[in-house]
Amino acid sequence: MVPIGSFYLAGYPINTEGIKDLGSRLILVSHYPPYGTSVDRAWSGAHIGSKSVRKFVEDIKPLAVLCGHVHESRGIDRLGNTIIVNPGPLANGYYAIININDDGTVNAELNKL
């Protein structure tokens, strides 16, 4: 886990012990998106995200989840107050800009090169 100002950046998987109180100050980076969101749908329409990432988000309530894996589900979604961003494949020129204000509000923007 890496401190960035008053926020923390962590990769998934991570042990939840010792971070339960970080919730609203935690930014999670996960290869897989949380299951059952708009950013985990395969071309077939099936949800293919991670159920364990979803449980983590529901339990810890991080500020944001930055994810990928599902190239066809580029987008921004929410689980409760957690913003979830899948920028899409960089190979196609896709990326996202995430701004986190000191008060914890998150602005996410999808872009293309």
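Amide H contacts of ILE84: VAL65, ASP77, ARG78, LEU79, each under 5 Å away and 5 or more positions distant or on a separate chain (H built 1.01 Å from N in the peptide plane; Pro and chain starts excluded). The phi torsions of the range 34-41, fed into the Karplus equation with coefficients 6.51, -1.76 and 1.60 and a -60° offset, translate into couplings of x, 4, x, 10, 6, 9, 10, 8 Hz, rounded to whole numbers, with Gly and Pro shown as x. Taking amide H atoms as placed 1.01 Å from N in the peptide plane, the amide H of SER50 lies under 5 Å from those of TYR35, each 5 or more residues away in sequence or on another chain. For the chain, a crude dipole built from +1 on the beta carbon of Lys and Arg and -1 on the beta carbon of Asp and Glu, taken about the Cα centre, is about 240 debye to the nearest 20.
Amide H contacts under 5 Å for TYR94: LEU113, restricted to partners 5 or more places along the chain or on a different chain, H placed in the peptide plane at 1.01 Å from N. Full extension of the chain between ALA91 and ILE48 yields a length gain of 13.4 nm, computed as 0.36 nm times the residue separation minus the alpha carbon distance. Taking other C-beta atoms within 10 angstrom as a stand-in for reagent exposure, ILE4, ILE98 fall in the order ILE4, ILE98, fewest first. Max-minus-min Cα coordinates of the range 1-108 on each principal axis give 38, 26, 21 Å, with the largest extent listed first. Ordering PHE56, GLY45, GLY75 by Cα displacement along the dipole of the chain toward the positive end leaves GLY45 in first place; charges were set at the Cβ atoms of Lys, Arg (+1) and Asp, Glu (-1). Enumerate the calculated ³J(HN,Hα) couplings along the range 103-111 in order (Karplus 6.51 cos²θ - 1.76 cosθ + 1.60, θ = phi - 60°), each rounded to whole Hz, writing x wherever the residue is Gly or Pro. After applying 6.51 cos²θ - 1.76 cosθ + 1.60, I find 7, x, 6, 10, 10, 10, 9, 8, 9 Hz.
Only beta bridges with both residues in the chain are counted; by DSSP, about 55 percent of them are antiparallel.
Mean-square fluctuations from a GNM of the chain, with a 10 angstrom spring cutoff on Cα atoms, peak among GLY18, GLY45, GLY75 at GLY18.
Each of PRO89, SER6, SER30 was scored by the projection of its Cα onto the charge dipole of the chain, and the greatest displacement toward the positive side belongs to PRO89; charges sit on the C-beta of Lys, Arg, Asp and Glu. Charges were assigned to the Cβ only: +1 to each Lys and Arg, -1 to each Asp and Glu. The resulting dipole of the range 39-95 about its Cα centre is roughly 80 debye.
In sequence order, the range 69-85 has phi-based couplings of 6, 9, 4, 7, 10, 4, x, 10, 9, 9, 10, x, 8, 7, 8, 10, 10 Hz under the Karplus curve 6.51 cos²θ - 1.76 cosθ + 1.60, θ = phi - 60°, and Gly or Pro positions carry x.
Read-outs throughout are calculated quantities, based only on the coordinates presented, and are distinct from any laboratory measurement. From a predicted model like this one, the values you see are computed outputs, not experimental measurements. Note that we place each Cβ from the backbone using ideal geometry, even for glycine, and neighbour counts take in every protein chain shown.
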